[in-house]
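Visitor: Sharing a structure with you now.
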Protein chains: 2
Amino acid sequence: METQGGAGQDGSIGDWATCAADPGYRAAVLDLLGALAYGELSAFERLADDAKLAPGLADKAALARMASAEFQHYQLLHDRLTEIGADPTEAMTPFVEPLESFHRVTRPSDWLEGLVKAYVGDSIATDFYREVAVRLDDDTRELVLRVMDDTGHAQFAVDKVRQAIEQDPRVGGRLALWGRRLMGEALSQAQHVVAERDALSNLLVGGAEVRGFDLVEVGKMFNRITEAHTKRMSALGLSS
Amino acid sequence: METQGGAGQDGSIGDWATCAADPGYRAAVLDLLGALAYGELSAFERLADDAKLAPGLADKAALARMASAEFQHYQLLHDRLTEIGADPTEAMTPFVEPLESFHRVTRPSDWLEGLVKAYVGDSIATDFYREVAVRLDDDTRELVLRVMDDTGHAQFAVDKVRQAIEQDPRVGGRLALWGRRLMGEALSQAQHVVAERDALSNLLVGGAEVRGFDLVEVGKMFNRITEAHTKRMSALGLSS
């Protein structure tokens with residue numbers, strides 16, 4: 001791992017108290033935690049909705065369990081925002097519209113589309129936040145990695161989708177198209193957010209006093225995320 | 001507290017292992033836990049749905065928090081059913097249709113109706129299960145009382161509904177009618193369940209080898225529940 005910017009020998013840029021003295025860094029982290037918190041609340045709602053499409057009680061309960069896990073993550077982020085003197089609602093507000101736009105144009109029409117969407121969405125978000133996490137202060141990094149913990153959803157979705165494709169291979173073609181559309185819409189909304197949130201973008205492109213990366217590195221990061229998506233789709237039996 | 005039937009001096013009828021030797025008792029408890037488990041899963045879904053109607057992010061998160069708490073209760077019941085060798089899905093299945101029928105005919109048209117419905121529904125269910133709990137073996141009673149623990153929903157609903165009535169007193173008339181309708185539909189579905197589930201009814205009317213109550217007592221119980229409902233509606237500023 002390279003150390004650059006203000007990073008120490010061990011790759012750490014210090015704890016929250018040290019880093020937050022820089023108002024730009026503080027603003028970027030509030031954005032990041034706000035986006036993450038609303039993402040979890042939104043994931044809760046989406047999974048609870050998908051629970052209604054479940055073909056049986058066991059599947060319904062499995063989705064409800066994951067929705068609850070997302071809510072626990074939301075709670076951690078909410079509590080952290082409060083702890084550092086931020087208003088959680090205010091921090092989340094800028095991210096409501098981009099996420100809701102994404103959900104409006106990617107409404108699953110059935111149980112399988114819902115599973116693929118949750119799987120793809122969670123995976124992309126996890127990849128993104130893990131990339132960003134290495135650039136954060138120790139306290140924030142620990143929290144981000146903790147709420148990115150697998151809620152068991154991925155394996156559940158993979159199992160169910162594979163079963164469905166085995167039973168009817170035509171399902172694969174439809175879901176592959178769906179996966180491509182999800183990735184396209186997610187990238188499009190991510191670009192809107194980056195364009196509108198200066199502090200957050202500075203964190204990504206290295207404008208603030210943190211170990212950031214330049215635009216070339218941002219491009220590489222998006223490439224890595226897209227490649228990981230492609231691999232996941234193949235593993236699911238869907239060529240993306 | 002009277003002791004009758006197989007009840008000991010302290011009002012206890014013994015632990016699960018002792019009581020479950022009677023197949024009628026065992027069947028009744030499976031019914032009770034199954035009804036309770038599906039009730040919690042259904043409460044999770046209903047609260048998650050209501051979260052979508054929330055007027056702001058803080059209210060949305062409050063509802064999501066309660067939905068998660070209901071899911072934790074579901075999990076306890078699910079685990080207990082598995083522990084005593086029952087299939088949770090099988091135990092819940094007979095209660096899906098009555099609860100879904102209730103929800104179909106009492107779909108809230110807005111945020112306040114949703115709050116009143118959740119409050120009234122939870123309160124009636126809590127009153128009922130607390131009445132039944134005293135007739136159960138020690139292990140089952142402890143579990144039932146634990147999952148009936150307040151999830152904080154009641155006070156939240158009371159506060160929000162009172163505020164709304166203060167701002168616009170006409171809201172009170174509409175919600176009072178709504179509360180009456182909810183109580184009527186709940187009693188009607190409860191009667192269907194009692195008519196169809198022999199073991200459960202035996203537990204209530206004392207046909208099984210447990211401390212049951214006779215039909216007069218069942219009538220009194222329903223009266224107590226209705227009276228408690230009336231008091232709650234008044235406390236909410238709604239004459240029922």
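The values are calculated or read from the model by the stated rules, or taken from the named source; none is laboratory data. Predicted model, so just to flag it, every value in this text is computed and none were measured. Virtual Cβ from ideal backbone geometry, glycine too; neighbours counted across all protein chains shown. To get the accessible areas, we keep the full protein, side chains included, count just its heavy atoms, and leave off ligands, DNA and RNA. Shrake-Rupley method; radii C 1.70, N 1.55, O 1.52, S 1.80 Å.
Visitor: I need the full set of residues from region A:136-171 which are open to solvent by 30 Å² or more (accessible area, probe 1.4 Å), out of contact with any Asp or Glu (no Cβ under 7 Å at 6 or more places or on another chain), on the phi < 0 side of the Ramachandran plot and not in a helix (DSSP H, G or I), in order please.
Guide: Hits for region A:136-171 are A:D149, A:D150, A:D168, A:P169.
Visitor: Follow-up question, since we're still on this one. Give the residue that is farthest from B:V194 (Cα to Cα), with candidates limited to residues of region B:86-111 that are open to solvent by 60 Å² or more (accessible area, probe 1.4 Å) and over 19 Å from the mean Cα position of the chain (by Cα).
Guide: Only one residue tops the list, namely B:S109.
Yes or no, residue by residue, for (1) under 28 Å from A:Q72 (Cα atoms); (2) modelled with pLDDT of 95 or more:
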position: B:D87; (1), (2): yes, yes
position: B:T93; (1), (2): no, yes
position: B:K117; (1), (2): yes, no
position: B:D122; (1), (2): yes, no
position: B:T126; (1), (2): yes, no
position: B:E131; (1), (2): no, no
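Visitor: Just checking, which of A:V96, A:V144, A:V161 is in contact with a Phe, Trp or Tyr (Cβ under 8 Å, 6 or more places away or on another chain), in contact (Cβ under 8 Å) with a residue 12 or more places away in the chain and within 14 Å of chain B (Cβ to nearest Cβ)?
Guide: A:V96
Visitor: Name the residue that is nearest to B:D87 (Cα to Cα), counting only residues in region B:28-52 that are among the hydrophobic types (A, V, I, L, M, F, W, C) and facing chain A (nearest Cβ under 10 Å).
Guide: Once the filter is applied, the top-ranked residue is B:A37.
Visitor: Restricting the search to region B:172-192, which residues are open to solvent by 30 Å² or more (accessible area, probe 1.4 Å) and aliphatic (A, V, I, L, M)?
Guide: Hits for region B:172-192 are B:L177, B:L187, B:A190.
Visitor: Under 8 Å between Cβ atoms, which residue pairs at least 6 apart in sequence (or on different chains) link something in region B:102-119 that is farther than 16 Å from B:R232 by Cβ and touching a residue at least 40 places away in the same chain (Cβ under 8 Å) with a partner that is open to solvent by 10 Å² or more (accessible area, probe 1.4 Å) and assigned to a loop (DSSP other than H, G, I, E, B)?
Guide: Matching pairs, first to second residue: B:W111/B:A54; B:W111/B:P55; B:G114/B:P108.
Visitor: Another question about this same structure. Residue under question is B:H78, and the condition is that it be open to solvent by 20 Å² or more (accessible area, probe 1.4 Å), modelled with pLDDT of 95 or more and within 14 Å of chain A (Cβ to nearest Cβ); does it hold?
Guide: yes
Visitor: Can you name every residue in region A:40-52 that is under 16 Å from B:L63 (Cα atoms) and open to solvent by 20 Å² or more (accessible area, probe 1.4 Å)?
Guide: Result: A:E45, A:R46, A:D49.
Visitor: Considering only residues that are without any contact (Cβ under 8 Å) to a residue 40 or more places away in the chain, assigned to a helix (DSSP H, G or I) and not charged (D, E, K, R), look in region A:75-86 and name the one that is farthest from B:D49 (Cα to Cα).
Guide: A:T82
Visitor: In addition: Hey, any hits in region B:53-74 for a residue that's within 11 Å of another protein chain (Cβ to nearest Cβ), open to solvent by less than 40 Å² (accessible area, probe 1.4 Å) and assigned to a loop (DSSP other than H, G, I, E, B)?
Guide: yes
Visitor: Right, something else. Do you know which residues across region B:110-153 are of a type in the set (A, V, I, L, M) and farther than 17 Å from B:Y38 by Cβ?
Guide: Answer for region B:110-153, where residues must be of a type in the set (A, V, I, L, M) and farther than 17 Å from B:Y38 by Cβ: B:L112, B:L115, B:V116, B:V120, B:A133, B:V134, B:L136, B:L145.
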